[in-house]
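The values are calculated or read from the model by the stated rules, or taken from the named source; none is laboratory data. All figures in this text were calculated on a predicted structure; none of them were measured in a lab. Here the Cβ positions follow ideal geometry from the backbone for every residue, glycine too, while neighbour counts run over all protein chains shown. Just the protein is used for accessible areas: all its heavy atoms, side chains included, with ligands, DNA and RNA removed. Shrake-Rupley method; radii C 1.70, N 1.55, O 1.52, S 1.80 Å.
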Amino acid sequence: MSGFSLRTRLTILVTVAAAITLAVLTAGFNLLLRSNLDADANRVLQARASAALEGISERGGSLRVKESPDRAAPDTQVWVYNDLTAIERPIAPRSAQRLADSLAGGPKTHAEDSSTDLRLFAVPVTQGGKRVGTVVSAISLEPYEHSASRALTGSLIYAGAALLLVVVATRLIVNRALRPVARMTAEAADWSEHDLEHRFNVGEPYDELTHLAATFDSMLARLASSLRHEQLLSAELSHELRTPLAAILTEAELTLRRHRGEEEYRNALRLIESRAAQMQGTLETLMAAARAESLEDLGTAAATSVGEQAIEACQSVARDSGVSLRLRAPDGSLRVDVDADTAERILVPLIENGCRYGRSWVELDVHSNSESVEFTVNDDGPGLAEGEADRIFEPGYRGDAGTPDDQGAGLGLALARRLARAVGGDVEALQNGAGASFQARIPIAR
């Protein structure tokens, strides 16, 4: 049935079920009717035999039949036997006569003559505990068979009409029930191609159709969210990569404009390498943010281990800047609800920023609250100017403490906040009175 439509499959299933039900009901009705007709024919036979017994008397050891008006009726078929000799015999076919004679002297029983469609009923006649004769009554089964046959024909016609009505009604009901589904499906398909912001907006689901509409709304919302994420990622890639790429192109053009010495070429290549590394880091961070937004489970990692890895990753920058790195982290099972690589990508830009502007030291402090693990990066540099707490996270903004010789692209803090928010956390600038403080909040693992 996989090749049929849902409407056709439902109609076939209902039709088969209705046909089986009607067949069982029709068969049961006709069997019950035949049983009742059979019992009715037996009651008529018994009544005739009882009436015949009342019209029999015994005198001198032999039976005599009293005359009554009913006995003259041509359809009164009763045989009376004195012992084995018939003293009264109705007009009946020869086969019925032979069958009645065979019942004389026998027990109380029924018998049927298939050739004449007659049923006979034999009743012994006793007097003083001694059997003196037999009464045999007969009835034609033809009227009963005719009634049963007509009932069977009528019930079959009724069942066929009822089945046809069920098929038509089922088709109409199924078409009516599935029409909104077909319309919703067509609308959802059209919206998914042209306008993902459309919704059915049926409110709280209360039946199958509203549940389907809510499911379509949820599906369209996920599609729209995925499309927005894709568009946002594309926009961020073009925006974030523009600065380091422009620096690479500018440096390459300046280097090729005139002949330079070997050392100048080396310096130019180092700068290009640095910018390319920035581009690689930017790409990896943006891809990590996109992955974090699309996955529900990013794993977990030990908070102390994450801090140690971030400190280790920044050692070369710290040595070049002449600052020392310190880590204050609790011992125990404190864990963040992201993988170690993602958490490290959030912390490294904050520590590198401290190394770039700190005078002698940068400290990473790890602690927690009920909702998140807080990584606070402190340094002893000039700190943030007034009003820079939010602007410092804008791509390309370096702050008042920046210098013309600073090789950074001004993207690290912006990318760190972007990735932290993608995993359900955040990054913000704090005022510590001396130097700068940045705090990264990452959800705590439950």
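Observations on the structure shown:
- Average projected area [Cα convex hull, segment 106-197], square nanometres: 13.2
- Prolate/oblate/rounded call for segment 1-62, Cα gyration tensor, a/c under 1.5 rounded: prolate
- Modelled spin-label separation between S218 and T126, with each label point placed 7 Å from Cα along the Cα-to-Cβ direction: 8.3 nm.
- Length gained on full extension, L172 to R446, computed as 0.36 nm times the residue gap minus the Cα-Cα distance: 93.2 nm.
- Our analysis of segment 296-356 gives Rg over Rh at 1.02, with the two radii drawn from alpha carbon positions and Rh computed by the Kirkwood formula.
- 3J(HN,Hα) from dihedral phi, segment 419-426, Karplus parametrisation 6.51/-1.76/1.60, rounded to Hz, x for glycine, proline: 6, 4, 5, 5, 9, x, x, 6
- Spacing of the two label points (7 Å from each Cα toward its C-beta) at E308 and A86, in nm: 12.0
- Long-range amide H partners of V338 with built H, under 5 Å: A301
- Rounded accessible area per residue of segment 15-58, 1.4 Å, Å²: 58
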